[in-house]
Amino acid sequence: MVKYFVIFGVCLLSVLGEEKTISMEELRLHNTAVSCWILIEKSVYDVTEYITVHDSLRYDIRKWCGTDSTKAYSKKDQSGKSHSKKADLLLRKYKIGLYRLN
């Protein structure tokens, strides 16, 4: 039930043109597979639901929960390759706000 309220809230904010700002302190609270938020560039994403999908791709992203994952995302961690345009589009689905400097 809570998940639906979060989705509704994100959709409503998108319609209203307002985005939540998220501090590093708040981001760091979401550092587990139960609640996994990541920072990429200046946007924060809740990828909790995506973890199991990504694990099936043979790479565990849980170590990035609650962190700035910009470098890991831009270079696929250790492979040095960029993520695809498809991955960039998929990521948009999980955006929950903008990063705010503490």
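The values are calculated or read from the model by the stated rules, or taken from the named source; none is laboratory data. This structure is a prediction, so every number in the text was calculated from the model and none was measured. Please note: Cβ atoms are built from the backbone with ideal geometry, for glycine as well, and neighbour counts cover all protein chains shown. Heavy atoms of the whole protein, side chains included, go into the accessibility calculation; ligands, DNA and RNA do not. Shrake-Rupley method; radii C 1.70, N 1.55, O 1.52, S 1.80 Å.
For this structure, a couple of remarks:
- Filtered residues of segment 70-97 (kept if of a type in the set (A, V, I, L, M) and in contact (Cβ under 8 Å) with a residue 60 or more places away in the chain): ILE96
- For segment 72-102, a residue qualifies if it is aliphatic (A, V, I, L, M) and open to solvent by less than 50 Å² (accessible area, probe 1.4 Å), and the qualifying residues are ALA72, ALA87, LEU91, ILE96.
- In segment 16-38, residue most open to solvent (accessible area, probe 1.4 Å) [restricted to those that are among the small types (Gly, Ala, Ser) and touching a strand residue (DSSP E or B) at 6+ places or on another chain (Cβ under 8 Å)]: SER35
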